[in-house]
Amino acid sequence: MKEDLFHLPVKIGDVELRNPFIVASGPTAKRVDQLEMAEKSGWGAASIKQTFNPLPYINYQPRYRWLKKEKLHVFTAEYRLDMEQGLRLVEEARKKCKDLVIIANYSYVAGQDIEGWLEAARRFDAAGAQILELNFCCPNMSFNVDISERAKKDVRPSSGASMGQDEDAVRWVIENTRKVTKLPLIAKITPEGGRISEVSKVAFEAGAAAVCSVANRLGIPTIDVWNYKKPIYNLQGQNTMACLSGPWIKPLALRDVFEIRKLVGPGAHINGTGGVASMEDAVQMMMCGADSIGICTETMVSGFGFLEKWMKSLKDYMKKMGFKSARDIRDLLLSEIKPASELTVWAGYAQVDPKKCSKCGLCVEIGHCNAIVMTNESASIDSKLCQGCSTCIDICPKKAITMTEQKT
């Protein structure tokens, strides 16, 4: 019997996904045809575009930029679904997608009132959603307003990233939602505020089956200093803070997953997201503690079809490494990443191969180094002055410099 390329099952609560790859909530999960394409392309699940009950107070047509050089995707304006649109999307997707797990992603704007959250849970449950994802990270707009206008601290956070930093608010929503549905709950937590692991721990204590470690950060993207009043976005009149995502953010995303796993232990399900743009990125995310992998930006710029190539590469990698399941990969880096107090650093120095050196002079210009000089033949490094930092190795265009361990 031929092996199913896309079969690498993981579970969220009692719901099994055919593999760990999830189309993360975003612009590529807002229409039924997109979800059908994701299913045909082999994805394990898809989390629908964020749904609001009621409509968000800020809801524009999208304005994006994909900055290739920086490997950075940014957006300011964004469009979300209202409750009726979200419900219809889930209902239609369940009729047409038999192998794709459908996750309902939603928020409630008026954070003072729990009933809006509970109504959304009941209605999505009735509509056929298999998992509910409570969104405590988007929109960036609510957090944007809060930090720009210094919202009053004595008011419960209204939504999005503002709410996702507040353990009491997250616990309040999850505990009450747990009372009205038996569906597995994912808490989608913001990294803003730097306490994603602590809030995630509270989410699990309150009854969440999983957390989604959202790597997106709110920031100020590139500005033309010669024309600073003009935003980089087309069809937009002002500069504003933007939601930043893409490959550049992967190191921060890996840290988020690592910190959550270290705090919550091995039993919890973590959906790792942020900057995953290759099979190797996904493996790194698993090694840091992720059970499943959420991908948004890469689907926006490349579609859904790349998963087949990823799965072939992943299966080949697992075979060579002797891994039988995704769980075998998970957490492998937890014991390998050491605190600075436990690092082993030994003596050494850089050496130049004069046959490869082009005498470009880049290494001589390194500002913190006084060990390199240029001779008639090539660059030369004084081993007694060299601190072994490796900067020269990384900037040499000819790969003419190598590091030598100093024998003691």
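The values are calculated or read from the model by the stated rules, or taken from the named source; none is laboratory data. Note that this is a predicted model, so its numbers are computed, not measured. For neighbour counting, all protein chains shown are included, and Cβ atoms are generated from backbone atoms with ideal geometry for every residue, glycine included.
Miscellaneous remarks
- Of the numbered criteria (1) farther than 26 Å from PRO20 by Cβ; (2) touching a strand residue (DSSP E or B) at 6+ places or on another chain (Cβ under 6 Å); (3) in a helix (DSSP H, G or I), the one ALA93 fails is (1).
- Looking across the stretch 16-46, the residues that are out of contact with any Gly (no Cβ under 7 Å at 6 or more places or on another chain) and either among the hydroxyl-bearing types (Ser, Thr, Tyr) or not assigned by TED's automatic domain parsing to the domain that holds GLY219 (or both) come down to SER25, THR28.
- Condition met for GLY207 (in contact with a Ser or Thr (Cβ under 9 Å, 6 or more places away or on another chain) and assigned by TED's automatic domain parsing to the domain that holds ALA242): yes
- Screening the candidates MET286, MET321 for the property of being modelled with pLDDT of 95 or more and in contact with a Lys or Arg (Cβ under 7 Å, 6 or more places away or on another chain) yields one hit, MET286.
- Taken as a whole, the stretch 94-108 holds at least one residue that is of a type outside the set (Phe, Trp, Tyr) and touching a Gly at 6+ places or on another chain (Cβ under 6 Å).
- Residue tally, condition surrounded by fewer than 19 Cβ atoms within 10 Å (Cβ to Cβ) and among the hydrophobic types (A, V, I, L, M, F, W, C), over the stretch 247-269: 3
- Members of the stretch 310-334 that are farther than 16 Å from ALA290 by Cβ and either of a type in the set (Gly, Ala, Ser) or free of Cβ contacts under 8 Å to residues at least 24 places away in the same chain (or both): SER313, ASP316, LYS319, LYS320, MET321, GLY322, LYS324
- Within the stretch 224-246, if we keep just the residues that are among the aliphatic types (A, V, I, L, M) and at pLDDT below 90, the residue that is surrounded by the most Cβ atoms within 10 Å (Cβ to Cβ) turns out to be ALA242.
- Identity of the residue in the stretch 96-118, in contact with a strand residue (DSSP E or B) (Cβ under 7 Å, 6 or more places away or on another chain) and outside any strand (DSSP E or B), that ends up surrounded by the most Cβ atoms within 10 Å (Cβ to Cβ): LEU100
- SER325 vs. criteria surrounded by fewer than 18 Cβ atoms within 10 Å (Cβ to Cβ), under 15 Å from GLY275 (Cα atoms) and of a type outside the set (A, V, I, L, M, F, W, C): no
Conditions (1) more than 17 Å from TRP346 (Cα to Cα); (2) touching a His at 6+ places or on another chain (Cβ under 9 Å); (3) among the aliphatic types (A, V, I, L, M); (4) surrounded by 13 or more Cβ atoms within 10 Å (Cβ to Cβ), marked per residue:
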residue: GLY367; (1), (2), (3), (4): yes, no, no, no
residue: GLN387; (1), (2), (3), (4): no, yes, no, yes
residue: CYS392; (1), (2), (3), (4): yes, no, no, yes
residue: ILE395; (1), (2), (3), (4): yes, no, yes, yes
residue: MET403; (1), (2), (3), (4): no, no, yes, yes
residue: LYS407; (1), (2), (3), (4): no, no, no, no
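- Index of the failed condition, GLY13 passing every other in (1) at pLDDT 95 or above; (2) surrounded by fewer than 23 Cβ atoms within 10 Å (Cβ to Cβ); (3) touching an Asp or Glu at 6+ places or on another chain (Cβ under 8 Å): (3)
- Matching option when the condition is surrounded by fewer than 23 Cβ atoms within 10 Å (Cβ to Cβ), in contact (Cβ under 8 Å) with a residue 40 or more places away in the chain and closer than 22 Å to VAL214 by Cα, among ALA77, ALA127, ALA121: ALA77
- Exactly one residue among LYS262, LYS230, LYS250 is in the same structural domain as CYS137 (by TED's automatic domain parsing) and free of Cβ contacts under 8 Å to residues at least 12 places away in the same chain, and that residue is LYS230.
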